[in-house]
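Novice: My questions will all concern the structure given below.
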DNA sequence: CGACTTACGAAGGAGCGCTTCATTAGTAGC
DNA sequence: GCTACTAATGAAGCGCTCCTTCGTAAGTCG
């Protein structure tokens with residue numbers, strides 16, 4: 001049972017203010033009449049609400065649109081630029097950052113190359129540089145940041161501490177939330193990168209609008225992120241999606257089939273081997289195809305487990321190997337058809353490398369909405 | 001984004017009425033002042049709300065409690081008996097039914113033995129008898145039923161049609177929701193029985209209050225039900241939890257280890273074999289222990305998959321074999337500790353055979369609450 | 001330049017919740 | 001059996017929020 005608080009008249013106003021903000025966020029500038037119609041309020045009431053929102057800084061008036069019949073109508077827009085959000089993707093070789101307005105519209109992006117075994121402080125400094133870069137590009141300052149959401153490889157506990165990170169040795173046992181909290185004067189959110197990628201795909205990618213989605217990170221390491229009921233599923237200890245730990249799921253070593261394929265020429269750097277195999281398979285090389293088949297065999301086991309357990313609407317393939325989705329998708333589908341009761345759609349990611357930063361932004365927007373648009377968390381705050 | 005409807009004054013009243021009903025449902029009869037305090041409303045307003053709820057039939061006055069200081073206070077209670085809910089468990093060998101009031105308090109229970117290969121019409125008739133029995137025991141009539149929730153073995157699709165049922169041949173392809181809808185003059189809900197059992201355990205069993213729970217049905221057949229975010233997780237096609245379909249999870253044949261154990265005396269009826277093995281293991285029979293170890297080995301694979309994927313707060317063992325939880329729990333825990341990152345609590349069901357009917361009732365209560373306590377679904381209806 | 005269209009703004013009214021205060025119906029003590 | 005105390009009741013008056021209605025204003029079109 002949720003809250004047991006009854007409501008006051010002021011609560012009603014609060015509700016209507018939030019409804020108005022929501023209506024404005026969803027679509028561009030709206031006239032007073034349009035707003036009134038969407039919210040179901042009468043015009044005079046809507047006017048009062050709008051005045052209040054303007055006074056608080058949430059909304060501003062824009063010039064009326066010319067060329068319309070009748071008296072020009074006042075138009076209002078949500079001041080998405082009264083604050084900014086940052087998303088960060090901490091990967092093994094790259095740190096990406098993006099800055100967005102409060103609507104999640106991305107205004108700037110940067111990338112900082114790093115090495116997996118860079119020392120901790122150097123990594124943190126690179127994060128700082130990536131974020132500063134975004135701020136500089138969009139001519140904003142750290143004071144305008146409302147929230148920063150970070151996606152990182154590895155398992156993060158509920159408090160934002162790194163429990164486990166195979167790819168980045170220095171990351172282990174780090175109090176990431178604490179360190180980033182010292183660096184930035186705003187709220188810091190930490191999440192697993194696959195979960196954020198899943199978020200991005202359900203918000204603006206191929207799975208847009210779906211409520212239950214399994215995102216598979218296929219690449220040199222394997223990962224999964226779950227969206228359940230339209231929200232990121234973290235699990236009780238923030239360890240959901242770690243099925244690659246289970247030997248029977250055959251995920252952990254699955255990429256080896258691609259790395260050790262006999263078609264790969266000697267001397268190929270190890271990070272390019274899998275890509276070579278996938279490309280060879282695309283061109284019909286039977287040995288490479290054999291390796292891909294074995295890879296998908298293994299991939300399908302863990303995937304089938306997730307599909308059978310969750311029965312999602314869609315499975316999205318992301319990560320480095322998803323560039324070779326043409327080689328993988330049909331094969332994966334065929335195996336799922338054999339194993340599963342109901343086959344979800346199986347699609348490739350459409351967001352590519354920006355998946356995680358974009359998902360971090362979306363995650364931050366969600367979090368912000370929760371804070372703002374949940375009634376009874378005090379009065380609507382003043383927006384600068 | 002949820003609704004974009006702004007609110008009226010009447011909406012506020014509706015909100016407060018719902019809050020009051022909630023407060024009354026949660027605890028027994030309350031005085032006007034107590035109600036006012038809990039809802040945060042002033043006494044005069046609370047009085048008005050209470051009068052309205054009385055007029056609509058949702059609430060009634062009870063005699064003031066004697067022996068208190070000061071003027072005796074009016075007391076109100078939720079009229080949980082203004083309607084009734086029925087839960088049904090359609091099993092292979094038994095059909096159980098329970099009748100509850102609108103608070104989910106169980107007032108009557110019945111059981112009808114059936115045979116797995118009884119013809120369809122006989123089974124449906126047995127359901128009718130089970131429900132009529134409950135009505136008779138509690139002196140109510142079918143007209144007082146508001147909702148009936150049915151848990152059944154097998155996979156049910158979103159429309160309440162049986163897609164697959166290994167245990168009950170006649171069940172296959174049946175439009176269960178349709179047939180039951182003809183039998184009872186109220187809303188009919190169909191769910192998989194493991195999911196309802198999971199529901200019961202999170203509402204009034206061992207997992208009370210937990211938000212993410214995996215319920216394992218361990219018995220002659222294997223099943224699983226998931227609670228995610230405090231709600232039953234059905235999946236997009238209502239097929240969530242069917243991991244026993246996956247060979248690698250080693251669930252489907254797991255019970256065979258117990259059935260074919262060499263310790264079981266020749267001539268034991270097949271349905272008692274597993275129970276015998278479990279009992280023998282409890283008393284130290286090394287051959288039986290060996291069989292149990294193999295059984296738990298297999299059980300743990302699928303369970304670990306679910307734990308790694310979902311990271312639940314608790315795993316609850318239910319179903320026939322959970323009576324031997326003392327033999328199973330520690331062994332299962334030990335294996336999960338090896339396989340999983342974070343170990344959830346592992347506990348045995350406390351509700352026993354009534355698990356599914358009780359869960360069906362809880363499911364109906366939830367459904368009813370959704371319908372009643374979601375504002376903006378029209379005005380609060382009149383309760384008879 | 002006048003007719004038409006559309007939005008604005010002010011006035012009056014109804015519903016809901018709040019506070020305040022005198023009143024009432026019990027118990028406890030003498 | 002009477003008085004003091006306690007706690008709830010019921011009525012009156014206030015303020016806020018939303019609604020409807022109307023005359024007025026600011027554009028476009030012919």
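Novice: Could you figure out which of (1) under 14 Å from residue B:356 (Cβ atoms); (2) at pLDDT below 90; (3) within 13 Å of another protein chain (Cβ to nearest Cβ) isn't true of residue B:252?
Specialist: (1)
Novice: Return the residues of region A:255-284 that are at pLDDT 90 or above, within 17 Å of residue A:218 (Cβ to Cβ) and surrounded by fewer than 17 Cβ atoms within 10 Å (Cβ to Cβ); say none if nothing qualifies.
Specialist: A:256, A:279, A:282
Novice: For residue B:43, only one of the following conditions fails: (1) in contact with a helix residue (DSSP H, G or I) (Cβ under 8 Å, 6 or more places away or on another chain); (2) under 30 Å from residue B:361 (Cα atoms). What is its number?
Specialist: Residue B:43 satisfies every listed condition except (2).
Novice: If I ask for residues that are near DNA strand D (Cβ under 8 Å from one of its atoms), free of Cβ contacts under 8 Å to residues at least 60 places away in the same chain and surrounded by 15 or more Cβ atoms within 10 Å (Cβ to Cβ), which ones from region A:9-34 would you list?
Specialist: Within region A:9-34, A:12, A:13, A:16 meet the criteria.
Novice: With the checklist (1) crowded, with 17+ Cβ neighbours inside 10 Å; (2) at pLDDT 95 or above in hand, flag the one item residue A:334 doesn't pass.
Specialist: (1)
Novice: With respect to residue A:82, determine if the residue is within 29 Å of the chain's Cα centre (by Cα), closer than 29 Å to residue A:138 by Cα and either more than 16 Å from DNA strand D (Cβ to nearest atom) or modelled with pLDDT under 90 (or both).
Specialist: Yes, satisfied.
Novice: On the given criteria, is residue A:52 more than 30 Å from the chain's Cα centre (by Cα), at pLDDT 90 or above, part of a helix (DSSP H, G or I) and more than 8 Å from DNA strand D (Cβ to nearest atom)?
Specialist: Values: more than 30 Å from the chain's Cα centre (by Cα): yes; at pLDDT 90 or above: yes; part of a helix (DSSP H, G or I): yes; more than 8 Å from DNA strand D (Cβ to nearest atom): yes.
Considered against the rule, which asks whether it is more than 30 Å from the chain's Cα centre (by Cα), at pLDDT 90 or above, part of a helix (DSSP H, G or I) and more than 8 Å from DNA strand D (Cβ to nearest atom), residue A:52 comes out as yes.
Novice: Further question on the same structure: Which condition breaks for residue A:70 when tested against (1) within 15 Å of DNA strand C (Cβ to nearest atom); (2) touching a helix residue (DSSP H, G or I) at 6+ places or on another chain (Cβ under 8 Å); (3) without any contact (Cβ under 8 Å) to a residue 24 or more places away in the chain?
Specialist: (2)
Novice: Give me the residue from region A:1-25 that is assigned to a loop (DSSP other than H, G, I, E, B) and within 13 Å of DNA strand C (Cβ to nearest atom) and, out of that set, farthest from the other protein chains (Cβ to nearest Cβ).
Specialist: Within region A:1-25, the subset assigned to a loop (DSSP other than H, G, I, E, B) is A:1-8.
From what's left, within 13 Å of DNA strand C (Cβ to nearest atom): A:5-8.
Numbers: A:5: 5, A:6: 4, A:7: 5, A:8: 8 Å.
Checking each candidate, the answer is A:8.
Novice: Right, residue A:28: within 24 Å of residue B:5 (Cβ to Cβ), more than 12 Å from chain B (Cβ to nearest Cβ), more than 7 Å from DNA strand C (Cβ to nearest atom) and part of a loop (DSSP other than H, G, I, E, B) or not?
Specialist: Working: within 24 Å of residue B:5 (Cβ to Cβ): yes; more than 12 Å from chain B (Cβ to nearest Cβ): yes; more than 7 Å from DNA strand C (Cβ to nearest atom): yes; part of a loop (DSSP other than H, G, I, E, B): yes.
Yes: the conditions hold for residue A:28.
Novice: Looking only at region B:109-120, decide whether some residue is out of contact with any helix residue (DSSP H, G or I) (no Cβ under 7 Å at 6 or more places or on another chain) and within 16 Å of DNA strand C (Cβ to nearest atom).
Specialist: No, region B:109-120 has no match at all.
Novice: Still on this model: Among the numbered criteria (1) more than 10 Å from DNA strand D (Cβ to nearest atom); (2) surrounded by fewer than 16 Cβ atoms within 10 Å (Cβ to Cβ); (3) within 14 Å of chain A (Cβ to nearest Cβ), which one does residue B:37 miss?
Specialist: Among (1) more than 10 Å from DNA strand D (Cβ to nearest atom); (2) surrounded by fewer than 16 Cβ atoms within 10 Å (Cβ to Cβ); (3) within 14 Å of chain A (Cβ to nearest Cβ), residue B:37 violates only (1).
Novice: Looking only at region B:62-73, decide whether some residue is under 30 Å from residue B:139 (Cα atoms), away from DNA strand D (no atom under 13 Å from the Cβ) and away from chain A (no Cβ under 12 Å).
Specialist: Checked against the condition, which is being under 30 Å from residue B:139 (Cα atoms), away from DNA strand D (no atom under 13 Å from the Cβ) and away from chain A (no Cβ under 12 Å), region B:62-73 yields no hits at all.
Novice: Being under 10 Å from residue B:211 (Cα atoms), within 7 Å of chain A (Cβ to nearest Cβ) and free of Cβ contacts under 8 Å to residues at least 60 places away in the same chain is the filter here; which residues of region B:223-248 pass it?
Specialist: B:229 - this is the single residue of region B:223-248 that is under 10 Å from residue B:211 (Cα atoms), within 7 Å of chain A (Cβ to nearest Cβ) and free of Cβ contacts under 8 Å to residues at least 60 places away in the same chain.
Novice: Also, I was wondering about something else. Only residues that are touching a strand residue (DSSP E or B) at 6+ places or on another chain (Cβ under 8 Å) and at pLDDT 95 or above: list them for region B:114-129, please. Explain how you work it out, then say what you get.
Specialist: Taking region B:114-129 first, the residues touching a strand residue (DSSP E or B) at 6+ places or on another chain (Cβ under 8 Å) are B:114, B:123, B:126-127, B:129.
Once the filter is applied, which keeps residues that are touching a strand residue (DSSP E or B) at 6+ places or on another chain (Cβ under 8 Å) and at pLDDT 95 or above, region B:114-129 yields B:126, B:127, B:129.
Novice: Now, a different point. Within region A:35-63, which residues are within 11 Å of DNA strand C (Cβ to nearest atom) and touching a residue at least 12 places away in the same chain (Cβ under 8 Å)?
Specialist: Kept after step one, since they are within 11 Å of DNA strand C (Cβ to nearest atom), are these residues of region A:35-63: A:35-37, A:42-48, A:50-51, A:61.
Selection gives A:35, A:45, A:46, A:47, A:50, A:61.
The values are calculated or read from the model by the stated rules, or taken from the named source; none is laboratory data. These numbers were taken from a predicted model, which means no experiment stands behind them. Ideal geometry is used to build each Cβ from the backbone, glycine not excepted, and the neighbour counts take in all protein chains shown.
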